[in-house]
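Undergrad: First the structure, which I've put down as structure tokens, then a few questions once you've had a look.
Readers should treat all values here as calculations from the given coordinates under stated rules, not as data from a laboratory. Quantities reported herein were computed from a predicted structural model and do not represent experimental measurements. Neighbour counts run over all protein chains shown; Cβ positions are idealised from the backbone, glycine included.
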Amino acid sequence: MPTIVSVTVVAGSGGSSVTADPDPVVIPAGVRGPIQWRITNSAADGWKFQMNGIDIAGAGTEFDQPSGGGQRVFTWNNNHTKPGQFKYTIRVSNDTTTVENDPSIMNR
């Protein structure tokens with residue numbers, strides 16, 4: 001069963017933003033498998049992950065098999081071979097705007 005991260009996009013005349021819940025994504029020791037980021041709010045209709053929609057810094061062999069660019073769900077596999085904190089960037093866009101945020105994953 002994947003670890004689910006809810007992604008909320010807020011778009012307005014004063015600007016747009018994107019957030020992840022939970023932040024950080026805490027993965028208990030020994031838990032491996034997919035992490036799925038899902039754009040969940042209906043107000044975000046038309047927003048999708050860019051091709052590099054979830055970009056994990058220093059992913060190395062700890063994370064692999066990214067998929068979901070151009071969709072509302074983005075997945076990485078977490079091999080969880082060691083504990084550590086991994087920063088990542090969320091990138092979502094609609095036809096005119098791109099927004100980013102930099103949360104983290106904590107492998108315990």
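Undergrad: Hey, for a label at Asn79 modelled as a point 7 Å past Cα toward Cβ, could you say which residues of region 48-66 have their backbone N under 20 Å away?
TA: 54-66
Undergrad: Run through the DSSP bridge list for the chain and note the antiparallel percent, rounded to the nearest 5.
TA: So the antiparallel bridges in the chain amount to around 80 percent.
Undergrad: What is the spread of the Cα atoms of region 21-67 along each of their three principal axes, largest first, in whole Å?
TA: Projected onto the principal axes, the Cα atoms of region 21-67 cover 36, 22, 16 Å.
Undergrad: Let me ask another. As an exercise, identify the trypsin sites (Lys or Arg not before Pro) in region 30-72 lying in DSSP coil whose Cβ has no more than 12 other Cβ atoms within 10 Å.
TA: Loop-located and lightly packed - Arg32.
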